[in-house]
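Here the structure is laid out as structure tokens; the discussion comes afterwards.
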């Protein structure tokens, strides 16, 4: 063998050894998410690349699974001996379920070291902390509120109602001028469930609501009757468009778009579903207060991250969680996806005016709920939402509907 060939072989072997040692020196972090739609997938991939650039000694294995498949697979992963280090999940009952099973790691130390108790709006503590320990890292969310046509309000001299009495006055003025107060489409039942959520949150508060959604309070409780009484008044006094069950929520939106209705209780995504002209004419207000003694709570579907109790690399997982809670770990979701993120230090200029108004509303909120079918067991939610639709058709029969919902709860408990 001549010297030249020997040198080439030696250099090649050295490079192989160096690469092998580098790979061996890298720590591996496994992250499983359900961000399978194109835009969230891209954002998550870029987020991981950003973390790897900041931590060259870490190799992140990102596994992205379709939403519905993920919901089934996560139960297997968490009970196995080789779960991921970090996974994306939903706040509320779905997070609490795994916490109560002892399948989630306590990340209170991360919350304390990163000062998330101050960096996140105070309300997020109510969906992240269980029995005084933090288990969930809230990352991004969208808000719910009453969206309305500014031009209609201006035409009739209406102001954003802050109380129930003011809301009824606004509604009567609109009706007197041939305009239906609320657009809605209940072909898919969750739009009706939003009304139950908000009336219950305003009358009975977030703690009661959370217990009711968890199946721990009977639906025949008299406090639930107060919710149906208020809702019954609105239905019987023509505060909603006729034949609402004939329309999906998008189809119901046309009543708001053409000016036949003035308001719509809906999530932030309504802004993406209207024409540019209508969108510019939309504003929103917080669902009116019914009882000033009840802490203000909002429906705020929130996506975030958790660490399995058996995570193979717990310290590395916690470091990634800390990154996800930082401005750097949330900027892509805010800038590229237009999502509201939880870190209050995200610059306001990232968002448009209406989104900043939503952000400010949440900053001044006491507690959070997720949404009817996020806070409740899926099967129980399915059956009781059928009952809510029965109420929509026959509001005078609310006592029997409460009994029907309670029967579903009893079956849920017994199963």
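The values are calculated or read from the model by the stated rules, or taken from the named source; none is laboratory data. The shown structure was predicted, so the numbers you read here are calculated from the model rather than taken from an experiment. Don't worry about glycine lacking a Cβ; one is built from the backbone with ideal geometry, like all the others, and counts go over all protein chains shown.
Being within 23 Å of residue 134 (Cβ to Cβ), surrounded by fewer than 19 Cβ atoms within 10 Å (Cβ to Cβ) and at pLDDT 95 or above: is that true of residue 327 here? Walk me through it before giving the result.
Values: within 23 Å of residue 134 (Cβ to Cβ): yes; surrounded by fewer than 19 Cβ atoms within 10 Å (Cβ to Cβ): yes; at pLDDT 95 or above: yes.
Considered against the rule, which asks whether it is within 23 Å of residue 134 (Cβ to Cβ), surrounded by fewer than 19 Cβ atoms within 10 Å (Cβ to Cβ) and at pLDDT 95 or above, residue 327 comes out as yes.
Which of the residues that make up the stretch 394-415 are surrounded by fewer than 16 Cβ atoms within 10 Å (Cβ to Cβ), free of Cβ contacts under 8 Å to residues at least 40 places away in the same chain and assigned to a helix (DSSP H, G or I)?
Within the stretch 394-415, 397, 400, 407, 410, 411, 414 qualify.
With (1) crowded, with 16+ Cβ neighbours inside 10 Å; (2) in contact with a strand residue (DSSP E or B) (Cβ under 7 Å, 6 or more places away or on another chain) as the list, and residue 319 as the residue in question, which single condition is left unmet?
(2)
Go through 106, 85, 132 for me and flag whichever is farther than 25 Å from residue 360 by Cα and surrounded by fewer than 15 Cβ atoms within 10 Å (Cβ to Cβ).
Values: 106 fails: surrounded by fewer than 15 Cβ atoms within 10 Å (Cβ to Cβ); 85 fails: surrounded by fewer than 15 Cβ atoms within 10 Å (Cβ to Cβ).
So the residue among 106, 85, 132 that is farther than 25 Å from residue 360 by Cα and surrounded by fewer than 15 Cβ atoms within 10 Å (Cβ to Cβ) is 132.
Is there a residue being over 25 Å from the mean Cα position of the chain (by Cα) and assigned to a strand (DSSP E or B) anywhere in the stretch 117-132?
The answer is no; no qualifying residue exists.
Tell me which residues, restricted to the stretch 171-185, are in contact (Cβ under 8 Å) with a residue 24 or more places away in the chain and not in a loop (DSSP other than H, G, I, E, B).
171, 174, 175, 180, 181, 182
Let me spell it out: the conditions are (1) in contact with a strand residue (DSSP E or B) (Cβ under 6 Å, 6 or more places away or on another chain); (2) under 29 Å from residue 356 (Cβ atoms), and residue 87 meets all of them except one. Which number is the exception?
Condition not satisfied by residue 87: (2).
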